[in-house]
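Notes to accompany the following structure.
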Amino acid sequence: MRIDSILSSLEAKHPGEAEFLQAVKEVLVSIEQVYNQHPEFEKARIIERLVEPDRIFTFKIPWVDDRGEVQINIGYRVQFNNAIGPYKGGLRFHASVNLSTLKFLGFEQTFKNALTTLPMGGAKGGSDFSPKGKSNAEIMRFCQAFMLELWRNIGPDTDVPAGDIGVGTREIGYLYGMYKKLARENTGTFTGKGLEYGGSLIRPEATGFGALYFVNRMLETKNLNIVGKTVAISGFGNVAWGAVTKATQLGAKVVTISGPDGYIYDPDGISGDKIEYMLELRESGEDIVEPYAQKYPKSTFYAGKKPWEQKVDIALPCAIQNELNREDAQKLFENGVTCVAEVSNMGCTAEAVDFFIEKQVLFAPGKAVNAGGVATSGLEMSQNAMHLQWSAEEVDKRLHDIMTNIHAQCLQYGKADNDYINYVKGANVAGFMKVAHAMMAQGII
Ligand code: 2IT
């Protein structure tokens, strides 16, 4: 495989897609060795076919704000790869959304979904619409306008969207409501739905819960236990909330959360009503964490800073891509961090990942660690198809088993001779092999 020539031809075709190229490069470097052992992959141009999405929908979303003014956003759906099942992946509503971000997310999703063991292909979508400071009515009108365009291109067996940053249960409700009205069917084309209309128990918690189940498996490889460990978490949205909840339940002490305004350090640990308060912070729609320090005066707010400067045992980026860079990685390492697990997609820069691997820090990538979210979406699809609802215990047990299985796949492909587990390589190779074999079996399409 000629990684450099594949990357430079991609760069020439799609200039300026930095995040996408970063994600592709990471996968190509990981799989190079095994790919070279399979000349049939090269002959079928598997890599060249994998790095182009099957198709991309781009559309205009005009809507009217509360002042009566017309707003225009751009909407996207990147249907990346459906070799192993219907396109599946979230929608992100955030000011930073562009095609490069959604292509990187759709590409990652393809391998992540393969790791879950469930039959789901990869997709991602969203808009540069920022929900920050928008009224409920504005959010509803925007979601409806978004769906007016997208509805024809999705369906329960073709493409099943879900939430991501800026898209939670409320947005899914508005999106799904409009979808149903237009498509005149009620088969659960979205996941992350409310419990009353086809949603799955545990789905809201699943990304964070699954991440902690995975972290537990990572610690076990070093005969370590999570009880009593201090944890730094970034973000304060749905994913961070699930991670704080499960880490605390398992006996760890979470000392930080963060927002775009800075981070909170709480030496007593973020537990009990403080976890509930995270939901209040989120619902305020202001996108800031500073009020936490006013409500809980023993904690400190650090304006404009990231939590990685604190001394902790475990670091869990739960906010957005590239939120932890090489300098942050160095600080964590110097402070004796034991385990770093990306809960956000591509939470660490490439340089930070290289640094952790070079220093043989216990480190795992988002496509393995956070796969519990989409896995539980897959379980929601199963329940919808069967027209029934499983108990929380049933879903949680399946989630737990899936995360254990993903960890085993990472070990199978990522364990080096010196016993260091390269989870990046393990996850990429395991995901790639499944997708590649499925593509080979189905011919040139
Ligand atoms: O990044 C992700 O895996 C998600 N946002 C969840 C996708 C899904 O379809 O549940």
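The values are calculated or read from the model by the stated rules, or taken from the named source; none is laboratory data. Note that this is a predicted model, so its numbers are computed, not measured. Positions of Cβ are generated from backbone atoms using ideal geometry, with glycine treated the same way; all protein chains shown enter the neighbour counts.
Here the stretch 372-405 is the region considered, the condition is being of a type in the set (Ser, Thr, Tyr) and within 21 Å of Val160 (Cα to Cα), and the residue that is farthest from the chain's Cα centre (by Cα) is Ser382. Taken as a whole, the stretch 242-261 holds at least one residue that is within 16 Å of the ligand (Cβ to nearest atom) and either buried (at least 24 other Cβ atoms within 10 Å of the Cβ) or β-branched (Val, Ile, Thr) (or both). Taking the stretch 63-89 as the range and being surrounded by fewer than 24 Cβ atoms within 10 Å (Cβ to Cβ), closer than 10 Å to Ala123 by Cβ and within 12 Å of the ligand (Cβ to nearest atom) as the test, only Pro86 passes.
In the stretch 167-187, the residues that are within 9 Å of Cys143 (Cα to Cα) and at pLDDT below 95 never reach a residue that is in a loop (DSSP other than H, G, I, E, B) and of a type in the set (Ser, Thr, Tyr) with C-beta atoms less than 8 angstrom apart, at least six apart or across chains. The number of residues in the stretch 412-434 being surrounded by 15 or more Cβ atoms within 10 Å (Cβ to Cβ), of a type in the set (A, V, I, L, M, F, W, C) and over 19 Å from the mean Cα position of the chain (by Cα) comes to 2.
Tell me, please, whether a residue that is closer than 26 Å to Ala438 by Cα and either of a type outside the set (Val, Ile, Thr) or buried (at least 24 other Cβ atoms within 10 Å of the Cβ) (or both) can be found in the stretch 90-98. Checked the stretch 90-98: at least one residue is closer than 26 Å to Ala438 by Cα and either of a type outside the set (Val, Ile, Thr) or buried (at least 24 other Cβ atoms within 10 Å of the Cβ) (or both). I'd like to know if the stretch 149-157 contains one or more residues that are in contact with a Phe, Trp or Tyr (Cβ under 8 Å, 6 or more places away or on another chain) and either within 15 Å of the ligand (Cβ to nearest atom) or in a strand (DSSP E or B) (or both). Yes, the stretch 149-157 contains at least one residue that is in contact with a Phe, Trp or Tyr (Cβ under 8 Å, 6 or more places away or on another chain) and either within 15 Å of the ligand (Cβ to nearest atom) or in a strand (DSSP E or B) (or both).
Considering every residue within the stretch 55-76, establish whether at least one is part of a strand (DSSP E or B) and closer than 18 Å to Val24 by Cα. Yes, the stretch 55-76 contains at least one residue that is part of a strand (DSSP E or B) and closer than 18 Å to Val24 by Cα. Looking across the stretch 139-151, just one residue is farther than 30 Å from Asn82 by Cβ and either surrounded by fewer than 18 Cβ atoms within 10 Å (Cβ to Cβ) or not aliphatic (A, V, I, L, M) (or both), and that is Arg141. Against the condition within 15 Å of the ligand (Cβ to nearest atom) and among the hydrophobic types (A, V, I, L, M, F, W, C), how does Met386 come out, does it pass? In short, no.
In the set (1) among the charged types (D, E, K, R); (2) farther than 24 Å from Ser377 by Cα; (3) crowded, with 16+ Cβ neighbours inside 10 Å, Lys43 fails one condition alone, (3). Is it the case that the stretch 30-53 has a residue that's over 24 Å from Val424 (Cβ atoms), part of a helix (DSSP H, G or I) and touching a residue at least 12 places away in the same chain (Cβ under 8 Å)? Looking through the stretch 30-53, at least one residue is over 24 Å from Val424 (Cβ atoms), part of a helix (DSSP H, G or I) and touching a residue at least 12 places away in the same chain (Cβ under 8 Å).
Inspect all residues belonging to the stretch 373-381 and state whether any of them is under 21 Å from Pro204 (Cα atoms), touching a strand residue (DSSP E or B) at 6+ places or on another chain (Cβ under 9 Å), polar (S, T, N, Q) and within 15 Å of the ligand (Cβ to nearest atom). Checked against the condition, which is being under 21 Å from Pro204 (Cα atoms), touching a strand residue (DSSP E or B) at 6+ places or on another chain (Cβ under 9 Å), polar (S, T, N, Q) and within 15 Å of the ligand (Cβ to nearest atom), the stretch 373-381 yields at least one hit. Scanning the stretch 317-336 for residues that are surrounded by fewer than 24 Cβ atoms within 10 Å (Cβ to Cβ) and within 20 Å of Tyr420 (Cα to Cα) gives Gln330, Phe333, Glu334, Gly336. Selection of the stretch 415-445 for residues being under 19 Å from Glu220 (Cβ atoms) and either of a type in the set (Lys, Arg) or not in a helix (DSSP H, G or I) (or both) yields Lys415, Ala416, Asn418, Asp419, Tyr420, Ile421, Asn422.
Could you grab me the full set of residues in the stretch 245-270 that are of a type in the set (Gly, Ala, Ser) and in contact (Cβ under 8 Å) with a residue 24 or more places away in the chain? Selection gives Ala247, Gly251, Ala252, Ser258, Gly259, Gly262.
Within the stretch 159-182, the residues that satisfy the criterion of being surrounded by fewer than 22 Cβ atoms within 10 Å (Cβ to Cβ) and over 21 Å from the mean Cα position of the chain (by Cα) are Tyr174, Gly177, Met178, Lys180, Lys181, Leu182. Inspection of the stretch 15-35 finds no residue satisfying the criterion of being closer than 22 Å to Met440 by Cβ, among the basic types (Lys, Arg) and surrounded by 15 or more Cβ atoms within 10 Å (Cβ to Cβ). Taking the stretch 294-380 as the region of interest, the helices (runs of 4 or more DSSP H) fully inside it that hold 2 or more residues being in contact (Cβ under 8 Å) with a residue 60 or more places away in the chain are 350-358, 366-369. Restricting attention to the stretch 161-187, which residues are under 21 Å from Phe93 (Cα atoms) and either within 12 Å of the ligand (Cβ to nearest atom) or of a type in the set (Asp, Glu) (or both)? Correct list: Pro161, Ala162, Gly163, Asp164, Ile165, Gly166, Val167, Gly168, Glu171, Ile172. Thr101 meets each of the listed conditions (1) over 17 Å from the mean Cα position of the chain (by Cα); (2) within 14 Å of the ligand (Cβ to nearest atom); (3) more than 25 Å from Ser382 (Cβ to Cβ) apart from (1). Once the stretch 107-138 is narrowed to residues that are basic (Lys, Arg) and away from the ligand (no atom under 11 Å from the Cβ), the residue that is surrounded by the fewest Cβ atoms within 10 Å (Cβ to Cβ) is Lys132.
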